[in-house]
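Quick notes on the structure that follows.
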Amino acid sequence: MGTKVETEIIESSSFVPGFKFEVAKTIDGEGVLRCFQCGICSASCPVSDAVKVRPHQVIREVLLGMKDEVLSHKTLWVCSICFACNVRCPQNVKPASVMFVLKNMAAKEKGVPEGLKAVGKTILEEGMIQKLTEFQTKKRAALGLPKVSKINVKDLRRLLEDTGFEETVR
Amino acid sequence: MKYSYYMGCQVTTRLPNYDLATRKVAEKLGIELVDLKDASCCGFFTRPFTPTTWLAMSTRVLAIAEKTKLDLVTVCTGCYSTLTEAQALLKEKPRLKEKINKLLSKEGLKYGGRLKVKHLVQALYFDIDLEKVKSSVKESLGGLKVASHYGCHLIRTPDYEKYDDAEAPNILDELVEVTGAESIYWPLKLWCCGGMTLPVDENLSFKLGGIKIKDAKNAGAHCIVTVCPTCQLQFDFHQSIIARRTDQKYNLPVLTYPQLLGLAMGINEKKLGLQLNRIPVNSVTRTIKSTSE
C-alpha cells in the first residue's frame with residue numbers, strides 16, 4: 001500500500017474540549033492522554049488497511065475533542081480486538097481498550113451495528129452468544145458428551161438490566 | 001488433577017469436537033474435569049455495548065466456579081482473557097468488586113478472589129507438566145508440519161505474561177512438538193484470524209482469515225492447530241467460503257490442539273470428533289501413517 005498524505009482543514013468550532021477527559025476517566029480509557037502519536041498501534045493493526053481513519057488517528061481525534069467524528073468512525077466497530085496495539089504501545093495507552101470506551105459511547109448515542117446487536121439479543125434471551133439448538137443437543141448426546149447445564153436466564157437478565165445492557169440492545 | 005471446566009458459548013454450541021477431544025485427552029492424562037453449572041457467557045461480547053456488563057457477567061462465572069473450590073480450566077481464549085482481566089480489575093479495585101458483588105447477591109452469589117483461571121494449554125504445560133504430556137504420546141506424529149496458532153486472546157492477555165512472552169510465545173509450539181510433529185515457522189503466525197470482525201464486516205473478516213490460511217499453506221503446513229473456538233471456526237468452518245470468495249483452493253485441515261494430541265496418544269479419530277471438522281483431515285492422518293511406516 002502506498003502512502004498518500006491527504007490534508008484537509010478541520011473546523012474546530014465543533015470540538016468538545018472536555019472529550020478526552022470524559023474518555024480518560026473511564027477504566028479502559030485511562031491511558032488516552034499519554035498518547036504521543038508514534039503510530040505503532042496502526043502499524044500493528046490487522047484492519048488498518050480497511051479503514052479510512054486508523055487507530056492512532058482515532059486517538060488523536062479524541063485528544064482534539066472531535067467527539068462526533070470519533071463516535072461515527074467505522075474503525076471502532078471493525079477493530080478485530082486482537083490487542084496487538086495494547087501489547088505494543090510504548091505509552092501503555094491501550095488503544096483497543098480505548099476503543100471499547102468509544103464503542104460504549106457510540107452505542108449510547110448512535111446505536112450498535114445490527115450484526116452485533118443480534119449477538120446482544122441472543123445473550124439477553126439465552127445467556128450465551130449462540131442458542132444451543134435441539135440439533136446441537138442431540139449431536140452432543142450422540143457423541144456421548146454430558147448434558148449442558150441449564151443457564152438461569154432470569155437471574156442473568158436482571159444482571160444485564162442492572163448494568164444498562166438491555167437498553168443498548170433494543 | 002481436578003478442575004472445574006468452562007467451555008464457553010461457542011464450544012458448547014458449535015464445537016462438540018473440541019469438547020470431546022478435550023475430555024478424551026484429559027482422561028488419558030488423569031485430569032478430572034467437573035462441568036460448571038449454570039455456565040453463562042463470560043460477557044466478552046457485551047463489552048462494546050456497556051462499560052460494566054462484561055465485568056458483572058465474568059464475575060458471575062467466577063463466583064459460580066469458586067463454589068467448586070477447584071481451579072478453572074477453559075478451552076476458549078476469549079473466556080480466558082475476559083475472566084482473568086476481570087479478576088485483575090476486581091483485585092485492583094475493591095470498591096468496584098463490592099459494587100459487582102452487590103449485584104450478584106440478588107442471586108445469592110459472591111466472588112471472593114481465590115480462584116485460579118487457566119487456559120487448557122497452561123494447565124497442560126505447567127500443572128500436568130510438558131514431560132508427562134510427552135510420555136503420554138504413543139504414536140509419534142513425526143513428519144507432520146503444523147502451523148501453531150495461539151489466538152490473540154491467549155497471548156495478548158496481561159495474565160499470560162506470567163507464563164510466556166506475548167511477542168514470542170512458546171507454550172503451544174512445545175506442546176505441539178512433544179507429539180513428534182514439527183511446529184513450523186510461518187510469517188503471520190501471531191497475526192489475528194479476523195474472527196471477531198465477523199458480526200460487523202463479513203468481507204473484512206473473511207479477508208483476514210484468508211490471509212492467515214494462505215500464509216500457513218505457503219509455509220508448507222499440513223494443518224493449522226488452534227486453541228480457540230473463534231479461530232477454529234474461522235479457519236475450519238469458514239475456510240470453504242473464504243476459498244470460494246478469493247478464488248483459491250486451500251483444503252488445509254484445521255485441528256484443535258486436543259485433537260492433535262489425541263492422535264498422538266493413539267486415540268481413535270472418531271473419539272476425537274475429527275469427522276466433525278469441516279475440512280477433511282484425511283491428509284493429516286495419511287501423512288502420519290506414511291511417515292510411521
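The values are calculated or read from the model by the stated rules, or taken from the named source; none is laboratory data. Not measured: the values here are computed from a predicted model. So basically every Cβ, Gly included, is an ideal-geometry build from the backbone, and we count neighbours across all protein chains shown. Side chains included, ligands, DNA and RNA excluded: accessible areas come from the protein's heavy atoms. Shrake-Rupley method; radii C 1.70, N 1.55, O 1.52, S 1.80 Å.
Some observations on this one:
- Verdict on B:LYS134 being under 17 Å from B:ALA26 (Cβ atoms) and surrounded by fewer than 21 Cβ atoms within 10 Å (Cβ to Cβ): yes
- Candidate set from segment A:122-151 (those that are within 22 Å of B:GLU107 (Cα to Cα) and surrounded by fewer than 16 Cβ atoms within 10 Å (Cβ to Cβ)); member that is nearest to the other protein chains (Cβ to nearest Cβ): A:SER149
- Candidates in segment A:69-96 are the residues that are among the basic types (Lys, Arg) and part of a helix (DSSP H, G or I); of these, the one that is nearest to the chain's Cα centre (by Cα) is A:LYS74.
- Evaluated against (1) surrounded by 24 or more Cβ atoms within 10 Å (Cβ to Cβ); (2) closer than 22 Å to B:THR12 by Cβ, B:ILE100 falls short on exactly one condition, (2).
- Of the numbered criteria (1) modelled with pLDDT of 95 or more; (2) surrounded by fewer than 23 Cβ atoms within 10 Å (Cβ to Cβ), the one B:GLU161 fails is (1).
- Flag if B:THR84 is of a type in the set (S, T, N, Q), more than 13 Å from every other protein chain (Cβ to nearest Cβ) and either closer than 18 Å to B:ARG114 by Cβ or out of contact with any helix residue (DSSP H, G or I) (no Cβ under 7 Å at 6 or more places or on another chain) (or both): no
- Restricting attention to segment A:31-68, the residues being within 14 Å of chain B (Cβ to nearest Cβ), over 24 Å from B:LEU190 (Cα atoms) and either part of a helix (DSSP H, G or I) or in contact (Cβ under 8 Å) with a residue 24 or more places away in the chain (or both) number 1.
- Residue among A:THR168, A:THR122 that alone is within 22 Å of the chain's Cα centre (by Cα), at pLDDT below 95 and assigned to a helix (DSSP H, G or I): A:THR168
- The lone exception for A:VAL112 - which of (1) over 28 Å from B:LEU36 (Cβ atoms); (2) in a helix (DSSP H, G or I); (3) facing chain B (nearest Cβ under 10 Å) it fails: (2)
- In segment B:55-80, the residues that are open to solvent by less than 10 Å² (accessible area, probe 1.4 Å) reach residues that are part of a helix (DSSP H, G or I) and of a type in the set (S, T, N, Q) with C-beta atoms within less than 6 angstrom, at least six apart or across chains, in these pairs: B:SER58/B:THR82; B:VAL75/B:THR22.
- Qualifying positions in segment B:65-86 - part of a helix (DSSP H, G or I), of a type outside the set (Val, Ile, Thr) and farther than 17 Å from B:THR53 by Cβ: B:ALA65, B:GLU66, B:TYR80
Yes or no, residue by residue, for (1) touching a residue at least 12 places away in the same chain (Cβ under 8 Å); (2) surrounded by 19 or more Cβ atoms within 10 Å (Cβ to Cβ):
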site: B:GLY194; (1), (2): yes, yes
site: B:THR197; (1), (2): no, yes
site: B:GLU202; (1), (2): no, no
site: B:SER205; (1), (2): yes, yes
site: B:LYS212; (1), (2): yes, yes
site: B:ALA216; (1), (2): yes, yes
site: B:HIS222; (1), (2): yes, yes
site: B:GLN248; (1), (2): yes, no
